[in-house]
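Participant: Could you have a look at this structure, given as C-alpha cells, before my questions?
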Amino acid sequence: MNTPSDNSPFTVPKGNFRGHDQQGVWSENYDPELTEVGPGTPCGEYLRRFWMPVAMTDQISDLPYRLRILGEDLILFREKKNGRLGCTHLHCCHRNMSLEFGIVEEGGIRCSYHGWKYGLDGTVLETPCEPPASQVKKKACLGAYPIIEYKGLAFAYMGPADKTPPFPVMDTFDDEGDELVPYLIKSPCNWLQVMENAWDPFHVVYLHTKAARVQFHEAFAHMPMIEFHDSQTGDFYTNVRRDGDFIWVRVHDHMLPSFTQNGGHFPIPDRSRYFGRGGLSRWITPIDDTNTMVIAWRHFREERFNDDPRGMTNRDEVGFGKTDFYGQGPDRTYEMRQRDPGDYDAWVSQGPINIHARENLSFTDRGVAKARRMLRNAIRALANGTPPAQPTDNFKGIIPTYAGDTVLKIPLQEGRDDGALQKEVSFKVADILRSGDHLQGFERRVFIENALKEYEASWS
C-alpha cells in the first residue's frame, strides 16, 4: 500500500492537536453577576450608586441629545433659562412619544405630541390639552436623573435619590498648569473587559512594545515589578522598572467601580522626576451589556512639567470618538489593526461579553483577579444591604490621588539583588505618596516632592 512521503502535501501534520477535546469552550457562558448592567441587575444596581460621566457636553446643542446608559434610553437637554442640563427617560410618560423630538424650553422640556412639559427633575409642569380640573399632573411623573457638568463632561447619578453620594472631586480635576481635554470613545463590548485592561499592567510589555512596535516608550519592554497598595479611596499599584541608573516608579489609581488614572503617556526616564502627575483620568461607562463608553480627560500640562519631551501629544486629536494615543478606537483599517493592534482590539476581540470560564488566569493576571474579586464582593454586599464605599467617605474636600511618575537616581547597589531593591523603592514611594494625604494642592505636592528628594539623596 502506498503512503504519502514526509514531503507530500497530503501528509497529516504531527502534533498534540486538541481542538476536539476543547470544544466545551463554545458552550461556556458569561458571568452575569459582573457583566449585566440593566435595571434590577445586581451589577447594574451597584453601578447606579456612583456618579459617572455619560456625555461630552459639546455634543449637546439646542436640541435634545439621545443616549443610552446602563440599558436605559435617555435624553440630555440644556434648558434655556439658566443653561442647566437635564437628563430624563426617553419617552414621554403620557403617550410614550420620544422626547428626542421634544421642545427645549426655559426650565425644562415639552413633548411635541400633546404639549406636556417636564422640569429637570421630571415633574410634570404643564398639561395644556387636559381640562382645568385634571389631576394627572399630581400622579404622573417622568423618570429623571441629576446632572453635574464640569470641564466638558456631564456626570449623572442614576441610583436611589435618598442615597445620592457627594460628587467626588479629585485633586487632578483642577491642578495648576494643567488643561483637561475630554474625549469619548465607544466600544462594542461589555464594560468589564474595558475596565480590566487598566488592572493589567503586564500587557504594556507586549501589546504596546514587543508585539509589533514601540507604541509609547522603549523602556516599557522591560518586565515591570508590580505591587498593589491600599489607600483611603481604593487601590493603586506601583509599576517599577530600572532604566540605567534610574528606577522608574509609575503609579496607577483605581477606584471602584471604574475610575482609573495612569502615569504620563510619553515621559522619558532620563532624569530625576518627583511626583509627576498622570496623563489620563478615565471612567468606563456601560451603555448596555454589550456596548461601552470610555469617557476621560487627557491632561495637557505646561512645558515646564516636562510631560512630553518628544512632542508626541496632540491636543487637536482629542475629542468625540478620538484621542491622541494609539489604539483606543476603531479609527484604523482592519489590516492595520491586525498588524499593529492596540487596547481597543484587545478588549473588543474578547467578544461582546468576555466568557471568564474560557480563561486560564496566571500570576500576571493578579490585578484582573483582584478587580473581579473586589467588584463581586461589593455587588454582593450591596445586595445584602451594605452601601458601597465612596471616594468621599474619608475626605470632605478635595480627594488626594497618586497616579503619575517618579524617577529616582538609584544606581545598582553592589552586593544587593536589584529586584529586591526595586521592590523596596516601590513600597517607600507608595508610603511617601500616602503620607501627604492630610494636605491639599500645592502644599501636598511640595511635601511629597521634598520627601522623594530626601529619599533619593539617601542612596547617594
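Participant: Which count do you get for residues in region 345-398 that are among the β-branched types (Val, Ile, Thr) and more than 15 Å from Leu192 (Cα to Cα)? Reasoning before the result, please.
Facilitator: Keep residues of region 345-398 that are among the β-branched types (Val, Ile, Thr), which gives 348, 353, 355, 364, 368, 379, 386, 392, 398.
Checking which are more than 15 Å from Leu192 (Cα to Cα) leaves us with 364, 386, 392, 398.
The number of residues fulfilling the criteria is 4.
Participant: How many residues are in contact with a Pro (Cβ under 8 Å, 6 or more places away or on another chain) and in a strand (DSSP E or B) when one looks only at region 81-109? Break it down stepwise before answering.
Facilitator: Here is the first cut: in region 81-109, the ones in contact with a Pro (Cβ under 8 Å, 6 or more places away or on another chain) are 87, 99-102, 104, 109.
Adding the requirement that they be in a strand (DSSP E or B) leaves 87, 104, 109.
Qualifying residue count, region 81-109: 3.
This table checks each residue for (1) within 20 Å of Thr401 (Cβ to Cβ); (2) crowded, with 16+ Cβ neighbours inside 10 Å; (3) without any contact (Cβ under 8 Å) to a residue 12 or more places away in the chain; (4) touching a Phe, Trp or Tyr at 6+ places or on another chain (Cβ under 8 Å).
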| site | (1), (2), (3), (4) |
| --- | --- |
| Ile247 | no, yes, no, no |
| Arg250 | yes, yes, no, no |
| Met255 | yes, yes, no, no |
| Tyr274 | yes, yes, no, no |
| Arg282 | yes, yes, no, yes |
| Asn291 | no, yes, no, no |
| Met312 | no, no, no, yes |
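Participant: Hey, Thr127 hits all of (1) closer than 27 Å to Ile295 by Cα; (2) surrounded by 15 or more Cβ atoms within 10 Å (Cβ to Cβ); (3) of a type outside the set (Asp, Glu) but one; which does it fall short on?
Facilitator: Of everything listed in (1) closer than 27 Å to Ile295 by Cα; (2) surrounded by 15 or more Cβ atoms within 10 Å (Cβ to Cβ); (3) of a type outside the set (Asp, Glu), Thr127 misses just condition (1).
Participant: Okay, next question. Would you be able to tell me the number of residues in region 200-234 that are buried (at least 16 other Cβ atoms within 10 Å of the Cβ) and either touching a Gly at 6+ places or on another chain (Cβ under 9 Å) or not assigned by TED's automatic domain parsing to the domain that holds Gly404 (or both)?
Facilitator: Qualifying residue count, region 200-234: 8.
Participant: Quickly run through region 306-325 and pick out the residues that are touching a Lys or Arg at 6+ places or on another chain (Cβ under 9 Å) and either in a loop (DSSP other than H, G, I, E, B) or among the polar types (S, T, N, Q) (or both). Walk me through it before giving the result.
Facilitator: Going residue by residue through region 306-325, those that are touching a Lys or Arg at 6+ places or on another chain (Cβ under 9 Å) are 306-308, 313, 315, 318, 321, 323-325.
Those that are touching a Lys or Arg at 6+ places or on another chain (Cβ under 9 Å) and either in a loop (DSSP other than H, G, I, E, B) or among the polar types (S, T, N, Q) (or both): Asn306, Asp307, Asp308, Thr313, Val318, Gly321, Thr323, Asp324, Phe325.
Participant: Okay, next question. Could you grab me the full set of residues in region 436-460 that are in a helix (DSSP H, G or I), at pLDDT below 95 and of a type in the set (Gly, Ala, Ser)?
Facilitator: Gly441
Participant: Can you tell me which residues in region 231-245 are assigned to a loop (DSSP other than H, G, I, E, B) and either touching a residue at least 40 places away in the same chain (Cβ under 8 Å) or of a type in the set (S, T, N, Q) (or both)? Before you say what the answer is, go through the steps one by one.
Facilitator: Our first condition is that a residue be assigned to a loop (DSSP other than H, G, I, E, B); within region 231-245, this holds for 231-234, 244-245.
Ser231, Gln232, Thr233, Gly234, Asp245, listed by residue number.
Participant: Can I ask one more? Go through region 404-452 and give me each residue that's among the basic types (Lys, Arg) and loosely packed, with under 14 Cβ neighbours inside 10 Å.
Facilitator: In the first step, residues of region 404-452 are kept if they are among the basic types (Lys, Arg); the result is 409, 416, 423, 428, 434, 444-445.
Arg416, the sole residue that qualifies.
Conditions (1) touching a strand residue (DSSP E or B) at 6+ places or on another chain (Cβ under 6 Å); (2) more than 30 Å from Arg445 (Cα to Cα); (3) hydrophobic (A, V, I, L, M, F, W, C); (4) in a helix (DSSP H, G or I), marked per residue:
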site: Asp345; (1), (2), (3), (4): no, yes, no, yes
site: Asn377; (1), (2), (3), (4): no, yes, no, yes
site: Ala381; (1), (2), (3), (4): no, yes, yes, yes
site: Asn394; (1), (2), (3), (4): no, no, no, no
site: Tyr402; (1), (2), (3), (4): yes, no, no, no
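Participant: Say whether the condition of being within 30 Å of Glu454 (Cα to Cα), within 21 Å of the chain's Cα centre (by Cα), assigned by TED's automatic domain parsing to the domain that holds Asp200 and assigned to a loop (DSSP other than H, G, I, E, B) is met by at least one residue in region 282-294.
Facilitator: Our first condition is that a residue be within 30 Å of Glu454 (Cα to Cα); within region 282-294, this holds for none.
Within region 282-294 (the criterion being within 30 Å of Glu454 (Cα to Cα), within 21 Å of the chain's Cα centre (by Cα), assigned by TED's automatic domain parsing to the domain that holds Asp200 and assigned to a loop (DSSP other than H, G, I, E, B)), the answer is no, since none of the residues qualifies.
Participant: Right, something else. It is to be established whether one or more residues within region 184-194 are surrounded by fewer than 18 Cβ atoms within 10 Å (Cβ to Cβ), in contact with a Pro (Cβ under 8 Å, 6 or more places away or on another chain), in the same structural domain as Thr290 (by TED's automatic domain parsing) and modelled with pLDDT of 95 or more. Outline the logic, then answer.
Facilitator: Initially, region 184-194 is screened for residues surrounded by fewer than 18 Cβ atoms within 10 Å (Cβ to Cβ), giving 186, 188.
Remaining after also requiring in contact with a Pro (Cβ under 8 Å, 6 or more places away or on another chain): 188.
Those left that are additionally in the same structural domain as Thr290 (by TED's automatic domain parsing): 188.
Filter once more, so that each one left must be modelled with pLDDT of 95 or more: 188.
Checking region 184-194: at least one residue is surrounded by fewer than 18 Cβ atoms within 10 Å (Cβ to Cβ), in contact with a Pro (Cβ under 8 Å, 6 or more places away or on another chain), in the same structural domain as Thr290 (by TED's automatic domain parsing) and modelled with pLDDT of 95 or more.
Participant: Show the residue pairs that are 6+ apart or on different chains and have beta-carbon atoms under 9 Å apart, the first residue being within region 12-30 and over 30 Å from Asp289 (Cβ atoms), the second being in a loop (DSSP other than H, G, I, E, B).
Facilitator: Once the first residue is over 30 Å from Asp289 (Cβ atoms) and sits in region 12-30, its partners that are in a loop (DSSP other than H, G, I, E, B) give Val12/Pro4.
Listed here are the residues, each with its yes/no results for (1) in contact with a helix residue (DSSP H, G or I) (Cβ under 6 Å, 6 or more places away or on another chain); (2) assigned to a loop (DSSP other than H, G, I, E, B); (3) modelled with pLDDT under 95; (4) over 29 Å from Ala55 (Cα atoms).
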site: Ile353; (1), (2), (3), (4): yes, yes, no, no
site: Ala369; (1), (2), (3), (4): no, no, no, yes
site: Thr406; (1), (2), (3), (4): yes, no, no, yes
site: Gly415; (1), (2), (3), (4): no, yes, yes, yes
site: Val425; (1), (2), (3), (4): no, no, no, yes
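Participant: For region 46-73, which residues satisfy the criterion of being assigned to a helix (DSSP H, G or I) and surrounded by fewer than 22 Cβ atoms within 10 Å (Cβ to Cβ)? Before the answer, list the steps.
Facilitator: Taking region 46-73 and keeping what is assigned to a helix (DSSP H, G or I), we get 46-47, 57-59.
Correct list: Thr57, Asp58, Gln59.
Participant: Step by step: first the residues of region 310-331, then only those that are within 18 Å of Val214 (Cβ to Cβ) and hydrophobic (A, V, I, L, M, F, W, C), then the one that is modelled with the lowest pLDDT. Which residue is that?
Facilitator: Step by step, filter region 310-331, then rank; the result is Met312.
The values are calculated or read from the model by the stated rules, or taken from the named source; none is laboratory data. Please read all numbers here as calculations on a predicted model, not as lab measurements. Glycine also receives a Cβ, built like all others from the backbone with ideal geometry; neighbour counts cover every protein chain displayed.
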